[in-house]
1. Would a scan of segment A:84-95 turn up a residue that is of a type outside the set (Val, Ile, Thr), within 13 Å of DNA strand C (Cβ to nearest atom) and assigned to a helix (DSSP H, G or I)?
2. In segment A:33-73, what residues are within 13 Å of DNA strand D (Cβ to nearest atom), within 25 Å of residue A:126 (Cβ to Cβ) and among the hydroxyl-bearing types (Ser, Thr, Tyr)?
3. Taking segment A:72-102 on its own, how many of its residues are of a type in the set (Asp, Glu) and more than 14 Å from chain B (Cβ to nearest Cβ)?
4. Cβ contacts < 6 Å: first residue without any contact (Cβ under 8 Å) to a residue 40 or more places away in the chain and within 16 Å of residue A:180 (Cβ to Cβ), restricted to segment A:137-159; second residue of a type in the set (Val, Ile, Thr) and open to solvent by less than 60 Å² (accessible area, probe 1.4 Å), any location; separation 6+ or different chain. Result?
5. Quick one: residue B:105 ticks every box in (1) more than 16 Å from DNA strand D (Cβ to nearest atom); (2) within 14 Å of chain A (Cβ to nearest Cβ); (3) in contact with a Phe, Trp or Tyr (Cβ under 8 Å, 6 or more places away or on another chain) except a single one, so which number is it?
6. Condition first: surrounded by 16 or more Cβ atoms within 10 Å (Cβ to Cβ) and of a type in the set (A, V, I, L, M). Now tell me which residues in segment A:86-116 satisfy that.
7. Inside segment B:1-54, can you point out the residues that are among the small types (Gly, Ala, Ser) and at pLDDT 75 or above?
8. Within segment B:63-85, which residues are small (Gly, Ala, Ser) and more than 14 Å from residue B:51 (Cβ to Cβ)?
There are 2 protein chains.
Amino acid sequence: MTTTANAKSVPGSTSSDAGPGAPKTARGARTRARILQAAEDTFGTLGYHRAGITDITRAAGVAQGTFYTYFAGKEEILRELVRDMGHQVRAYLAAEIVGVGDRLQAEERGLRAFLQYLFEHPSLYRVLQEAQFVDESIYREYYEAFGRGYLRMLADATRKGEIRAGNNEVRVWALMGMSNFLGLRYALWERDVPFDEIVATISDLFRHGLALDGKEKTQ
Amino acid sequence: MTTTANAKSVPGSTSSDAGPGAPKTARGARTRARILQAAEDTFGTLGYHRAGITDITRAAGVAQGTFYTYFAGKEEILRELVRDMGHQVRAYLAAEIVGVGDRLQAEERGLRAFLQYLFEHPSLYRVLQEAQFVDESIYREYYEAFGRGYLRMLADATRKGEIRAGNNEVRVWALMGMSNFLGLRYALWERDVPFDEIVATISDLFRHGLALDGKEKTQ
DNA sequence: CAACAATATGACAACTGATTCACCTTTCCG
DNA sequence: CGGAAAGGTGAATCAGTTGTCATATTGTTG
């Protein structure tokens, strides 16, 4: 149990390595999907550790053994899940910011969309954050993928002169951190501040900084 | 196992409810402290779930049973630990920003100090973040305490005219999120960007925003 | 429709790890 | 010194989990 885990230790396993065997019929595909969905719900509610395979299969309406027809174990289904959910958020966010004028507006839309998404899919937060402690690489992969896309957009914006020059990599991590915490606090814990106000506050930070306008100069 | 856990379910248990019994001699106090320290190391390295009571007591150099002389169980020692560690970071950060000129400078110092602290005490991140899924209230307590102090400072700064007026509560969560992610990425995962540069990047964001200077107006 | 492959079942073996408890050792103090 | 309280021990208990397997069902194809 000292190894960093990895049933199929093929180094560059790019995508769905689907463990034991990918489904070969439509029925199989459907069952696999049901189990995956059940895992999302179960992990989302009980958390990874409290959730048993039993809970997942019960929620999916299949027998325990069926689980192992499609997944090598609990850890593998988590990996699969995070990959899936990652694709979904990114797709959602990308769709929400197509055609906006500039980066600042994209940030506003993106933040609001993220808050909304998290509110509608609370499992995302839990599954993702908990995955971090099951296998750090799953988590890093998610944020690094997310970050790459983000970085590209900031670089574009810098080139177009929409934002100040600066270390965009660092900015990306700062921005992801902000969204994450704002989402946790205001979309998951307590919806006591309207998303509009949150977005406005952050937008003001992006447009003017925290300092009084023009008061401070770059030292 | 459905309840949200709580050995001693006294509602307003403010502080060290020290479970079974607080130590009554110096020897006892020492042993308790050794166990707490061992728990920090063990949770920090293996994580909460992989760490067994056995691992903790072995690291502390005591027998299994001794653990239960001072703590009601695994969950309680985690609670205690987070409380302790919380006090320590806050004290450290507070000490690092005494006597700085204004809020912007305090933010710079604070961020650097946080990165440094995290680098020197990597367990903090893991213990804290994992606690979230063991008992959310432990985690919320930590950030809410942290946030309260932060909010007070921002309110002061607003009053003194050091920063723009705005929703400081929301800002606090945004700022905590930033530090958290920057710490994870640049202090724990990979030290490939000097702290100075990170601080400079964020400082620039605070002083000027992301937008080109003076280009954008409040809509 | 016979025969074979893919799916599905669920009882259970094997194991892990938290907590208990009956008993021993050290310390303290009148 | 005596004995009571505090501290310490670790084998045994006990609850819960994962993953396996022999068997049954369903679907497919020549």
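1. Taking segment A:84-95 and keeping what is of a type outside the set (Val, Ile, Thr), we get A:84-88, A:90-95.
Applying the additional criterion that residues be within 13 Å of DNA strand C (Cβ to nearest atom) yields none.
Looking for residues that are of a type outside the set (Val, Ile, Thr), within 13 Å of DNA strand C (Cβ to nearest atom) and assigned to a helix (DSSP H, G or I), one finds none in segment A:84-95, hence no.
2. Correct list: A:42, A:48, A:54, A:57, A:66, A:68, A:70.
3. Kept after step one, since they are of a type in the set (Asp, Glu), are these residues of segment A:72-102: A:75-76, A:80, A:84, A:96, A:102.
Those still in the list that are more than 14 Å from chain B (Cβ to nearest Cβ) too: A:76, A:80, A:84, A:96.
Residues that pass the stated criteria total 4.
4. A:147/A:172; A:150/A:172
5. All conditions pass for residue B:105, except number (3).
6. A:89, A:93, A:97, A:104, A:106, A:111, A:113, A:115
7. Of everything in segment B:1-54, those that are among the small types (Gly, Ala, Ser) and at pLDDT 75 or above turn out to be B:21, B:22, B:26, B:28, B:29, B:33, B:38, B:39, B:44, B:47, B:51, B:52.
8. Initially, segment B:63-85 is screened for residues small (Gly, Ala, Ser), giving B:63, B:65, B:72-73.
Of everything in segment B:63-85, those that are small (Gly, Ala, Ser) and more than 14 Å from residue B:51 (Cβ to Cβ) turn out to be B:63, B:65, B:72.
The values are calculated or read from the model by the stated rules, or taken from the named source; none is laboratory data. What you are looking at is a predicted structure, and each value in this text was computed from that prediction instead of being measured. Backbone-built Cβ (ideal geometry, glycine too); neighbour counts: all protein chains shown. We work out accessible area using only protein heavy atoms, side chains counted, and drop any ligands, DNA or RNA first. Shrake-Rupley method; radii C 1.70, N 1.55, O 1.52, S 1.80 Å.
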